[in-house]
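Presented below is the structure to which this report refers.
The values are calculated or read from the model by the stated rules, or taken from the named source; none is laboratory data. None of the values given here were measured: they were computed from a predicted structure. Ideal geometry is used to build each Cβ from the backbone, glycine not excepted, and the neighbour counts take in all protein chains shown. We work out accessible area using only protein heavy atoms, side chains counted, and drop any ligands, DNA or RNA first. Shrake-Rupley method; radii C 1.70, N 1.55, O 1.52, S 1.80 Å.
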Amino acid sequence: MSSTTQKATALASALALTATGALAPSNAASATTRTKAEAPAALKGCGANLPATPARWTYARGTCALLGRPGAWHSFRWTATDSYAALQVRTYNTRGQAYWVKCGSGGGHCQVPIGNNAFTPLFRAWNALRVSHIYITY
């Protein structure tokens, strides 16, 4: 048997054993037995949450970074505990200057131009009447 054939056979065997879980470390939990608390961060969604107060803007940074390309847009879904809560997202123009995009009030879907920039989004919230809370996913 040639060395190339032996290597291919060994690789196929290793892949078959990995697929059945036989090559997993003895202390590793299988993907099917993981609880939600043990799930890796990569499998969790990106987002943020922040209070919206009438006194001043409140700020929160997202949990994941965005990587854009020329002409790229990104969408954010958000819900608020009060219909008067307003949200804005900070993004960057083509010269790299930051500016705020208004997403409205009460929750919904917000499309934001991110262009050819890489950054972690910053959010700010405000509520004219009372304290509320905003939850964002992206």
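So the values come out like this:
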read-out: Qualifying residue in the stretch 50-67 (condition: polar (S, T, N, Q) and closer than 13 Å to TYR135 by Cβ); value: yes
read-out: From the options VAL112, VAL101, residue that is surrounded by 14 or more Cβ atoms within 10 Å (Cβ to Cβ), within 16 Å of the chain's Cα centre (by Cα) and in a strand (DSSP E or B); value: VAL112
read-out: Matching residues in the stretch 118-128 - criterion: being in a loop (DSSP other than H, G, I, E, B) and modelled with pLDDT of 95 or more; value: THR120, PRO121
read-out: Search result, residues across the stretch 67-98 that are farther than 16 Å from TRP57 by Cα, of a type in the set (A, V, I, L, M, F, W, C) and surrounded by 15 or more Cβ atoms within 10 Å (Cβ to Cβ); value: PHE76, TRP78
read-out: Subset tally (residues that are open to solvent by 80 Å² or more (accessible area, probe 1.4 Å) and among the polar types (S, T, N, Q)) for the stretch 47-66; value: 2
read-out: In the stretch 115-138, the residues that are among the aromatic types (Phe, Trp, Tyr) and open to solvent by 50 Å² or more (accessible area, probe 1.4 Å); value: TRP126, TYR135
